[in-house]
1. Got a number for residues in the stretch 400-414 being surrounded by 14 or more Cβ atoms within 10 Å (Cβ to Cβ) and farther than 12 Å from residue 381 by Cα?
2. Taking the conditions exactly as written (over 30 Å from residue 110 (Cα atoms), among the basic types (Lys, Arg), in the same structural domain as residue 145 (by TED's automatic domain parsing) and surrounded by fewer than 16 Cβ atoms within 10 Å (Cβ to Cβ)), does residue 341 satisfy them or not?
3. Please go through the stretch 418-434 and pick out each residue that is modelled with pLDDT of 95 or more and either out of contact with any helix residue (DSSP H, G or I) (no Cβ under 9 Å at 6 or more places or on another chain) or closer than 23 Å to residue 352 by Cα (or both).
4. Could you check how many residues of the stretch 166-185 are of a type in the set (D, E, K, R) and out of contact with any Leu (no Cβ under 9 Å at 6 or more places or on another chain)?
5. Would you confirm whether any residue within the stretch 231-240 is within 22 Å of residue 180 (Cβ to Cβ), within 16 Å of the ligand (Cβ to nearest atom) and within 29 Å of the chain's Cα centre (by Cα)?
6. When residue 113 is evaluated against the numbered criteria (1) surrounded by 15 or more Cβ atoms within 10 Å (Cβ to Cβ); (2) part of a loop (DSSP other than H, G, I, E, B); (3) out of contact with any His (no Cβ under 9 Å at 6 or more places or on another chain), which criterion, by number, is the only one it fails?
7. May I ask you to list the residues in the stretch 190-206 that are surrounded by 13 or more Cβ atoms within 10 Å (Cβ to Cβ) and of a type outside the set (A, V, I, L, M, F, W, C)?
8. Test each condition in (1) within 14 Å of the ligand (Cβ to nearest atom); (2) hydroxyl-bearing (Ser, Thr, Tyr); (3) out of contact with any strand residue (DSSP E or B) (no Cβ under 9 Å at 6 or more places or on another chain); (4) under 30 Å from residue 334 (Cβ atoms) for residue 223 and report the one that comes out false.
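The values are calculated or read from the model by the stated rules, or taken from the named source; none is laboratory data. Computed from a predicted structure; not experimentally measured. Heads up, the Cβs are rebuilt from the backbone with ideal geometry, glycines too, and the neighbour counts pull from every protein chain shown.
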Amino acid sequence: MDGFRALPSVDQLLTGAEGQAQVAQHGRAVVTAAIRARLDAARTAIRRGGDGAALAALLPDQIEADLARQARSALRPVLNLSGTVLHTNLGRAILPPEAIEAAAQAMANPLALEFDLGGGSRGQRDDHLRGLLCELTGAEDATLLNNNAAAVLIALNTFSLGRETVVSRGELIEIGGAFRLPDIMARAGAVLREIGTTNRTHPRDYQDALRSETGLILKVHTSNYRIEGFTAEVPAPDLAAMARAAGLPLMNDLGAGSLVDLSVYGLRREPTVAEAVAEGADLVTFSGDKLLGGPQAGFIVGRKDLIAQINRNPLKRALRLDKIRIAALEATLRLYRDPDRLAERLPTLRYLSRPEPEIAAMAARLAPQVQAIVAAWDYACAPCACASQIGSGALPVDTIPSAGLRLTGRGGDAADRLSVRLRTAPRPIVGHIRDGALILDLRCLSRDDDLLSALALA
Ligand SMILES: *Cc1c(COP(=O)(O)O)cnc(C)c1O
């Protein structure tokens with residue numbers, strides 16, 4: 001078989017100029033493996049009748065491309081032009097620079113995580129944030145968990161293990177993936193006591209359900225859907241009075257849990273954490289990486305005695321936060337102490353409150369430059385109006401007027417093909433397809449050049 005003789009040896013490829021440069025960049029083991037894999041493939045092709053010399057000529061480029069692909073992080077940054085600001089599959093909130101700096105410091109240095117520097121004794125890792133959270137929410141105490149799902153899980157397990165949790169049928173939510181309230185309850189060891197109906201739940205439904213087996217009354221903010229029409233729910237203050245009279249804790253799972261009134265920024269009002277506390281909930285749970293705009297985390301704020309019980313639950317250790325995120329959260333929460341500058345400094349709020357005319361001006365500016373790039377791929381680009389969503393289940397029925405670029409090409413699958421091309425580029429671009437066109441919503445694009453340089457690589 002002469003074809004095989006046309007192939008270089010592993011050693012020849014490794015010691016050539018290109019091979020040496022590759023070894024310097026990627027390391028000998030990785031380069032050797034890439035060479036072996038391509039040589040194996042070439043031998044298989046020759047056995048099937050392939051031309052050895054032609055296959056050998058392809059090897060250097062193939063190996064170089066394989067190495068470049070492997071070196072690219074699977075978690076490399078993408079441009080979120082999907083129109084969903086808090087995109088769960090794209091990692092939700094972008095952190096403010098202050099939080100990034102704090103996280104970097106926490107990664108690089110020892111820190112007094114569970115150490116009281118003044119007294120030299122052991123401290124609690126949640127202590128660093130407790131004061132800030134109480135200040136911002138009006139609650140007595142606070143505890144931190146891995147995410148809001150963990151916050152709900154540990155609260156159910158603490159107060160309702162082997163006992164009943166009373167919840168309205170209108171609030172038995174699924175928030176996506178495997179987080180369905182009845183399933184979480186079962187895993188927490190709580191007995192679900194559903195009351196009322198999908199659209200209407202009355203005070204007497206709660207009254208009738210409360211008995212000696214009850215451990216917790218749960219109210220869930222139906223953040224990702226809305227029940228409209230012939231509806232009734234028991235207002236939180238009334239529920240709080242009922243819980244108090246029965247001597248039972250009331251927990252309000254807010255989900256997105258904003259710390260500020262979003263209507264100030266032209267968005268629809270969501271209940272704030274401080275409001276939920278003021279309405280009398282004994283415990284309020286919410287996420288760190290939704291409207292709050294920080295890293296993934298879950299918070300429970302509320303009554304001191306109840307928070308102490310949660311902190312004594314052995315699950316707390318399994319669901320606790322790490323130092324990197326605690327540091328980032330502290331820096332994020334500090335920004336809330338200066339509400340006047342919050343929308344400038346917190347990326348989530350900056351994106352959500354960005355005025356449509358500013359985005360439209362960006363689209364008008366970018367359209368001809370993007371047109372010049374995509375024309376080479378036989379696509380056309382024009383500015384367009386579009387509608388952004390908050391995402392992560394917050395205000396799902398509401399959209400925010402936005403602007404973007406509309407990319408169209410020939411053939412029924414043109415938008416799909418372009419979408420794949422942009423998503424798999426070295427700097428991936430994620431848009432969304434509407435009416436046969438690929439729409440790039442520019443709400444979350446900070447600088448024109450970010451898009452132009454990403455497109456240049458695609
Ligand atoms: C998002 C959400 C959760 C889960 O929060 P994570 O931080 O994603 O774990 C729980 N309850 C409600 C109502 C939510 O909206």
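1. Here the count works out to 5.
2. Against the criterion (over 30 Å from residue 110 (Cα atoms), among the basic types (Lys, Arg), in the same structural domain as residue 145 (by TED's automatic domain parsing) and surrounded by fewer than 16 Cβ atoms within 10 Å (Cβ to Cβ)), residue 341 qualifies.
3. Scanning the stretch 418-434 gives 419, 420, 423, 428, 429, 430, 431, 432, 433, 434.
4. Of the residues in the stretch 166-185, 2 are of a type in the set (D, E, K, R) and out of contact with any Leu (no Cβ under 9 Å at 6 or more places or on another chain).
5. No: zero hits.
6. Of the numbered conditions (1) surrounded by 15 or more Cβ atoms within 10 Å (Cβ to Cβ); (2) part of a loop (DSSP other than H, G, I, E, B); (3) out of contact with any His (no Cβ under 9 Å at 6 or more places or on another chain), the odd one out for residue 113 is (3).
7. Correct list: 193, 194, 196, 197, 199, 200, 201, 202, 203, 205, 206.
8. Here residue 223 clears every test but (3).
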